[in-house]
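Here's the structure, in structure tokens; my notes come after.
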Amino acid sequence: MNGAEDRPDEIHQHSGWLIPLGFLVVILILSALFLLYDLRPGTGPRAMGRSADATPVALSVRGLKLTVPANYLDSAEARGGGEHDILQLSALLPDLRGYAPAEAALFTGNAPDSPLVRLLFRGDELNLDPAQRLERIYRPYIQDMTGAPGDFGLTQYTFRPDSGYARQDLFAGTQKGKLLLFLCERASAELPSPNCLATDRPMARQVSFSYRFKRAYLGRWREIADGVDGLVARFRAG
């Protein structure tokens, strides 16, 4: 009788770990499926990162046709070509070269003297040129529209302390007869690595273009503007 009585206990003890084991197997299977999904072609961390491939990619932004080497494009989606509403690219000063694995840290760093320049094409219904932008967007918040002589041959405008731009400076300069506006963040304890934005300018119908670089390079604004214009001309020429 004792042996017979012991057998139900044995069955109960064995069945107790079958259920957790089943859950573990299911979890392992699901984990493997998710891993395979993430690693499928065209997805996953590597695909979402940058590429060293310089193969030209044909794409457009609201009808503006561009041909851009893949190593300038920030996303795998952009490297797939086609039509986009927003297109971001990155390049390194001084020659505005595209991504290379040996310089990967420069494309991800955010030091105050980072040589990274970010270029942005985007759909823009207003599509204001710099003069219109100065008058319509910034003028209501500027203390004195006459401006003051600033560094590097630029005119500096100061925003009112009660405006949303109070912690930024606006600079204006003329390059090859064209007005350029640079909206620059002020360095602070909360913002130790400030940027300057070369504000949007029309590139095509309902398409604007801007670029961003570290304020430490503001003294080279002419060189950067010429380099960016040359780069964009290459992309548009295909």
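Taking the criterion of being touching a helix residue (DSSP H, G or I) at 6+ places or on another chain (Cβ under 6 Å) and either among the acidic types (Asp, Glu) or under 18 Å from Leu197 (Cβ atoms) (or both), the residues of segment 123-169 that qualify are Phe152, Phe159, Ser163, Tyr165. Of the residues Asp200, Asp226, the single one that is in a strand (DSSP E or B) and of a type in the set (Asp, Glu) is Asp200.
In this entry, Arg160 is excluded by the filter for residues that are surrounded by 15 or more Cβ atoms within 10 Å (Cβ to Cβ), of a type outside the set (Gly, Ala, Ser) and touching a Phe, Trp or Tyr at 6+ places or on another chain (Cβ under 7 Å). Taken together, the residues in segment 113-142 that are surrounded by fewer than 13 Cβ atoms within 10 Å (Cβ to Cβ) and farther than 30 Å from Arg62 by Cα amount to 2.
Among the candidates Leu87, Leu36, the residue that is at pLDDT below 95 and either out of contact with any Pro (no Cβ under 8 Å at 6 or more places or on another chain) or closer than 30 Å to Ser210 by Cα (or both) is uniquely Leu36. Kindly establish whether Leu181 is out of contact with any Lys or Arg (no Cβ under 8 Å at 6 or more places or on another chain), modelled with pLDDT of 95 or more and outside any helix (DSSP H, G or I). So Leu181 does not fit the description; no.
The values are calculated or read from the model by the stated rules, or taken from the named source; none is laboratory data. This is a predicted model, so every value here is computed, not measured. Backbone-built Cβ (ideal geometry, glycine too); neighbour counts: all protein chains shown.
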